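Notes follow once the structure below has been shown.
Nothing in this text is a laboratory measurement; each read-out follows from the coordinates by a stated rule. The model shown is predicted, which means the values in this text are computed figures rather than measured ones. Backbone-built Cβ (ideal geometry, glycine too); neighbour counts: all protein chains shown.
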């Protein structure tokens, strides 16, 4: 006596993927349709969730700078660096509460590179004192 074929649901197949081989061929299109609908729902749900902020790698965390250190490197005031961070001009991360911010050294270097000017721009914007 042969055992009757069991029609497996999507939940069965997800729980035990080896059951795919036992799903009758006529049931496969319906399962594929269910999977496609699930993928669409998951995609719609993902679109609603904001992307997580990138977490710096461990070696980057070792190279975090304070606002005072950044100010010294950029030869700006501490207040100017803080206002640039608030405005998003230079990337910063909050640590240890709401008031403490740190800067990744690589972000500061990237900021400096992004502010480089071409020689013609320097010549037209810098005035030379007469001798």
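Order of 77, 93, 99 from fewest to most other C-beta atoms within 10 Å?
Details: 77 12, 93 16, 99 7.
Ascending number of Cβ neighbours within 10 Å: 99, 77, 93.
Pairs of Cα atoms under 8 Å, at least six residues apart: use those to get the relative contact order of the stretch 58-116, whole percent.
Working: 53 pairs, mean separation 22.4, N = 59.
So the answer I get is 38 percent.
Residue 93 to residue 35: extension gain in nm, 0.36 nm per residue of separation minus the Cα-Cα distance? Mind showing how you got there, number by number?
Details: separation 58, 0.36 × 58 = 20.88 nm, distance 3.99 nm.
Between residue 93 and residue 35, full extension yields an extra 16.9 nm.
Calculated FRET efficiency, residue 10 and residue 46, Cβ-Cβ r, R0 22 Å, to nearest 0.05?
Numbers: r = 20 Å, r/R0 = 0.90.
Efficiency computed from Cβ-Cβ geometry: 0.65.
Rounded, prolate or oblate for the stretch 58-116? Axes are the square roots of the Cα gyration tensor eigenvalues, ordered a ≥ b ≥ c, and the cut-off for rounded is a/c under 1.5. Before the final figure, lay out each step's value.
Values: a/c = 1.60, a/b = 1.12, b/c = 1.43.
Judged from the Cα gyration tensor, the stretch 58-116 comes out oblate (a/c at least 1.5, b/c at or above a/b).
How long is the gain from residue 83 to residue 19 if the chain were fully straight, where each residue apart is worth 0.36 nm and the alpha carbon distance is subtracted? Before the final figure, lay out each step's value.
Values: separation 64, 0.36 × 64 = 23.04 nm, distance 5.99 nm.
That pair, residue 83 and residue 19, stretches by 17.0 nm at full extension.
With label points built 7 Å along Cα→Cβ from the Cα atoms of residue 28 and residue 69, find their separation and express it in nm.
6.0 nm
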